[in-house]
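Structure first, commentary second.
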Amino acid sequence: MSFSSIFRCLLCNIPKKESRGEKVPIPSGQYEIEGKNPADSTDSQESIDSASQFTSPDESNITTGENIAEIPIEKSNRALIVAAKGAYSFADLPFPTLAHEHEVVISNRATGLNPIDYKSVDYNFCLPEFPWVTGREMAGVVEMVGAGVRDVKVGDHVWTSTYYRDRRAGCFQQYITVPAHTVLPLPPSTSFTSAASLGVAGLTAAMTLWHWLEVPFPPPSANSPPPANSENQEQEQEFLLIWGGGTVTGQYALQLAALSHLHIIAITSSHTAPLARSLGAVVIERDNKTNTQIISEIKSIAGDNITRAIDLVGPKTASACLQVLSKNQRALFAPLAMMGTEDEVPGNVQVVTVEMKRFVLDAENRAYALELNRLVGQGRVQVPGIEAVEGGLENVVLGLERLKKGEMGGRKMVVVF
Ligand SMILES: NC(=O)c1ccc[n+]([C@@H]2O[C@H](COP(=O)([O-])OP(=O)(O)OC[C@H]3O[C@@H](n4cnc5c(N)ncnc54)[C@H](OP(=O)(O)O)[C@@H]3O)[C@@H](O)[C@H]2O)c1
């Protein structure tokens, strides 16, 4: 049965009501995104549940929240729907079916909110079509597994990180359907709420460092000696620069880099500076300073020895990162919050494109999530402070509006079901 015909069937004889499920208008503004652009939504890849079975939001007659008791099916899948650019609603979809035997259905207990979630709806990118379901990370209980799934079983407590091109994997719904290799057990002593921050910020930091920036995994235990070249060579020290060390992603990156004995310089506000220092960075506070002043402070600390950099703020700070990277050594740069096209990249600098979809598309990248899980489970990586929003799907839009105001001060917003 197609998505549109299901909507019609669910609405049989149900009068449309005004309810909490009304569309919420989203104001427009400038966007900056995770190395992707609006053109992504029209790229050549097919979404997993293909466009042909869907209709426009008007045709689909999206249900409102208060109709849920009247739905004549046993187990429905409540979802926050992106009905059109800047407009949300609620729908009761059927319980998912598996597309192949290596898939897992997870019942949502907590979902992390990220800047990309509202930016994609405000500016209509990373939305292959309407209606769509967004949300990229969650933790919950395994509800169903395919016949070919070995390491995951019904009832397991797990987290996952998803790819936006599969509507069934959008985390703003009750049941999320994902490939088994993307499903990880909750680390010991980690709640659903905390684990819901691992799929985007945690895994992005992990893969950026270990995969794209070629940082070795940390030693197996906290007592292992540091690698021979990380100490006693003060003159030769190489540095990692994290511009935006107070962001949630920056906090994970700081901790992981410190475990691999990197020397780190972080740019933060005075508000998040103590946190970044406590996580192992030399901090430059940015309050009331121009980027030129900050660049000069970075150079006075690191000289020509910044060989890796991550930018988590935007095009201007990405440009500033390029200015402080080593001129004479090979250097790697990950602009995670967009980079200007006019920036000149010196020959010794490699700008890496962090594509988190590789976690979903390449099963071998599970190794990074397993390593992250191990470090969190051992207590060697702390989950950032969480701001939990109770109320499940009903309050996702409220949470996104608060996130948009930019008042998180280094805390992670998680909606709890
Ligand atoms: N490519 C990807 O796959 C990917 C994945 C994850 C995140 N990202 C991107 O990375 C960025 C950060 O994401 P997030 O979720 O970690 O963010 P977040 O925690 O929501 O970021 C908020 C923090 O940004 C810091 N900040 C704001 N302006 C700053 C500035 N001018 N300089 C330094 N820090 C500043 C603030 O900390 P202070 O108090 O220190 O200013 C604030 O606490 C976003 O643009 C996001 O889209 C991309």
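Where a number appears in this text, it was derived from the coordinates with a stated rule and is not lab data. Values in this document were obtained by computation on a predicted structure and should not be read as measured data. Glycine also receives a Cβ, built like all others from the backbone with ideal geometry; neighbour counts cover every protein chain displayed.
Here are the numbers for the structure shown:
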quantity: Likely footprinting exposure, Leu254, Leu398, Leu240, fewest C-beta neighbours within 10 Å first; calculated: Leu398, Leu240, Leu254
quantity: Average silhouette area of segment 122-264, convex hull of alpha-carbon atoms, in square nanometres; calculated: 11.7 nm²
quantity: Cα centroid separation, segment 156-177 to segment 95-144 (Å); calculated: 4 Å
quantity: Using θ = phi - 60° and Karplus 6.51 cos²θ - 1.76 cosθ + 1.60, couplings along segment 244-252 (whole Hz; Gly, Pro as x); calculated: x, x, x, 5, 4, 5, x, 5, 5
quantity: Lys405, Lys85, Lys412 arranged by Cβ crowding within 10 Å, fewest neighbours leading; calculated: Lys405, Lys85, Lys412
quantity: Fewest-first sequence of Thr190, Thr204 by Cβ atoms within 10 Å of each Cβ; calculated: Thr190, Thr204
quantity: Distance from segment 363-417 to segment 264-286 (C-alpha centre basis), Å; calculated: 20 Å
quantity: Most positive-pole-ward Cα, Ala388, Gly406, Thr307, against dipole of segment 260-417 from beta carbon charges; calculated: Thr307
quantity: Long-range amide H partners of Arg136 with built H, under 5 Å; calculated: Cys171
quantity: Ratio Rg/Rh [Cα only; Rh per Kirkwood] for segment 316-368; calculated: 1.07
quantity: Assigned charges on the beta-carbon of Lys, Arg, Asp, Glu; segment 204-355 dipole about Cα centre (debye); calculated: 200 debye
quantity: Of every Cα-Cα pair in segment 204-355, the percent that sits beyond 18 Å; calculated: 54 percent
quantity: Relative contact order of segment 204-355, defined on C-alpha pairs under 8 angstrom at six or more residues apart (%); calculated: 22 percent
